[in-house]
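Step one of this worksheet: look at the structure below.
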Amino acid sequence: MALQAAEATAESSWQAKAWLELDRPGSGGAGERVQHQAGARAPLKWLRATHHSDGSLELPLLHTAGGLVGGDRLELRVHSHNQARALLTSVAAQKVYGSVGRFRSQPQGRWAHQQLSFELDGHSWLDWMPQELVMYSGALLEQRIAVRLAEGASFLASDVVRLGRSSAGEDLGEGCWRSRLEISRRSGNSNRWELVDAVSLERTSLDGEHGMAGQPVFGTLVWIAPSTLDPASRAAVLAQARNSRAGLSGTMACGLLESGLIARYRGDSSQAARFWFTRIWSGVHRVCGHPAPPIPRVWPFQEQPLAAPPGGSS
C-alpha cells in the first residue's frame, strides 16, 4: 500500500511557477518605493510585500504543498529594472522527501527540480535569501540558478542545505543534492562570466575531509558587486565577512571574487550558517553605503543573527 501511494504521488507531481517584475522608474531617491507585479501557480504563492524606509522591497515566497517529492518541478523567474532594490526570501524551510527505493517502476528514485532565473537591468540590486533546505534520506534534488546582470547591477544569494534529518539520526542515505549557479554580466554586445559554481553532494562526498567530513550542513553565499571594487572596499568586505564568524560553530571560509565575495559553511548547525550569512549580507550593504537591511518578518522571530556574541562583537 505504501508503494502504491508513492506511485500515485509520483504521477501527480507539481509543476509550479512564479514570476516577478521589479521596477523603480524614478530617480531612485531616498524613500522612493520599488514597484512590483507578480504571479504564481500552485503550490507557489507570493505573500504581502513590505516596503522599508529606503523604498526597497521585501517579498516572501510560500510553497504551500509542504515539501517536494520526486518529479516535482519549481520554476522562479525574476526581472528587475532601473534602480529597484529588493529582498526575496521564503516563508519556511523547504523539505525534499525521500525518493530512492520508493517507486516500484523507478527504484533508483525520481529527481525533483528547481530552476531559478534572475535578470537584473540598470542599477538594480537583488538579494535572494531563502530559508534552509532539508533533504530527507533518499531525496534527489537538482537546482539550477541562472543570473544575468547589466553593468551596475548587483546580486547576492545564499543557500543553506541540511543533508538528512539529523535530529532523527538520519543522513542523506542514497540521496543527492546538486546545484549549479551561473552568473554572467552583459558588457556591450557580449557577456562575461562572473562565476560558475557547481556542487554535488551524495554518499561518496559525505564523509571525506575534502567533502562534508561527516557534517550535515552545507552553505554558500555569493555576492557580485555593482562594479569592480576598489582595494579599500575589497579589504573591508573580506574583513567584515571573516570577523562575522565570531561565536559561531562550524568551518567557515570566504574569499574575494574579481568583483565580489564567496563564502562557504560546513558544520552541524543550520542556525550558525544562517547567522553568518545574515551578518555578511548586512555588512555588504553597509560597505556599499546602503542602510543595514532589517531582518525579514518571516524568519524565526526568536533569533537575533546580528546580535554581538558573548564576549565579542560580530
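Only the coordinates and a few stated rules stand behind these numbers; no lab work does. The model shown is predicted, which means the values in this text are computed figures rather than measured ones. Glycine also receives a Cβ, built like all others from the backbone with ideal geometry; neighbour counts cover every protein chain displayed.
What does the extension gain come out to for Asn243 and Ala49, with contour length at 0.36 nm per residue minus their alpha carbon separation? If you can, show how the numbers build up before the last one.
Values: separation 194, 0.36 × 194 = 69.84 nm, distance 3.23 nm.
Result for the pair: 66.6 nm of gain on full extension.
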Among Gln215, Val34, Ala86 the positive-end extreme of the charge dipole of the chain (Cβ point charges): Val34
Neighbourhood charge, 10 Å Cβ-Cβ cut-off, centred on Thr228 and excluding it, Lys, Arg +1 and Asp, Glu -1: -1
D (Stokes-Einstein, µm²/s), Kirkwood Cα radius, the stretch 2-287, 1.002 mPa s at 20 °C: 108 µm²/s
Percent antiparallel among DSSP beta bridges (both partners in the chain, rounded to 5): 45 percent
Peptides ranked, highest mean first, by Cβ atoms within 10 Å: ranges 219-227, 33-41: 219-227, 33-41
Peptides ranked, highest mean first, by Cβ atoms within 10 Å: ranges 284-291, 157-164: 157-164, 284-291
Three-way shape call for the stretch 211-314 based on the alpha-carbon gyration tensor, with the a/c threshold at 1.5: oblate
Cα-projected label distance for Ala198 with Ala236, points at 7 Å along beta-carbon direction, nm: 3.7 nm
Length released on extending from Arg144 to Arg104, taking residue separation times 0.36 nm less the Cα-Cα span: 11.6 nm
